[in-house]
Amino acid sequence: MLLVVAVVLFFLLPEPWDVIGATVFGVLGLLELFLWNRTVRGRGKVVGTQTLIGTTGEVRVTCRPLGQVFVGGELWEANCAAGADVGARVRVLRVEGLRLEVEPAQ
């Protein structure tokens with residue numbers, strides 16, 4: 001983003017300040033890219049329904065045994081053998097297709 005600011009300043013500022021401003025923001029932009037690359041390089045990708053296992057959610061439609069739970073910002077069909085009422089916290093045990101197997105959270 002700072003590299004874009006450097007280009008804009010080069011065209012908007014008057015004569016010696018355009019080069020000075022563009023240089024300063026250009027160097028800051030390169031530093032920003034370097035630091036961003038260092039923080040992101042070691043991270044693994046976290047995608048898929050497997051990432052839901054072990055997370056907790058909230059029951060939105062009573063699960064006796066089928067219902068709906070809100071997990072990870074989404075509403076999911078759920079199966080809860082023990083049963084859970086609306087508003088109860090549940091923990092995801094496994095994912096079967098588009099249905100979650102859940103149990104009441106302790």
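The values are calculated or read from the model by the stated rules, or taken from the named source; none is laboratory data. Values in this document were obtained by computation on a predicted structure and should not be read as measured data. Cβ placement follows ideal geometry from the backbone for every residue including glycine, while neighbour counts extend to all protein chains displayed. Note: accessible area is taken over every heavy atom of the protein model, side chains too, but ligands, DNA and RNA are not part of it. Shrake-Rupley method; radii C 1.70, N 1.55, O 1.52, S 1.80 Å.
So in the range 1-42, with the set limited to residues that are surrounded by 13 or more Cβ atoms within 10 Å (Cβ to Cβ) and either outside any helix (DSSP H, G or I) or small (Gly, Ala, Ser) (or both), which one is farthest from the chain's Cα centre (by Cα)?
Leu13
Considering each residue of the range 55-70, count those that are assigned to a strand (DSSP E or B), in contact with a Gly (Cβ under 7 Å, 6 or more places away or on another chain) and of a type outside the set (Phe, Trp, Tyr), and give that number.
The first filter runs over the range 55-70 and keeps only residues assigned to a strand (DSSP E or B), leaving 56-61, 63, 66-70.
Narrowing the set further to residues that are in contact with a Gly (Cβ under 7 Å, 6 or more places away or on another chain) leaves 58-59, 61, 63, 69-70.
If we keep only those that are of a type outside the set (Phe, Trp, Tyr) too, we end up with 58-59, 61, 63, 69.
Within the range 55-70, residues that are assigned to a strand (DSSP E or B), in contact with a Gly (Cβ under 7 Å, 6 or more places away or on another chain) and of a type outside the set (Phe, Trp, Tyr) number 5.
State yes or no: is Thr51 open to solvent by 40 Å² or more (accessible area, probe 1.4 Å), in contact with an Asp or Glu (Cβ under 6 Å, 6 or more places away or on another chain) and farther than 30 Å from Ala6 by Cβ? Even if it seems obvious, please write down each step before you answer.
Working: open to solvent by 40 Å² or more (accessible area, probe 1.4 Å): yes; in contact with an Asp or Glu (Cβ under 6 Å, 6 or more places away or on another chain): no; farther than 30 Å from Ala6 by Cβ: yes.
The answer is no for Thr51.
Please verify whether the range 43-54 includes one or more residues that are more than 16 Å from the chain's Cα centre (by Cα), part of a helix (DSSP H, G or I), aliphatic (A, V, I, L, M) and at pLDDT 90 or above.
no
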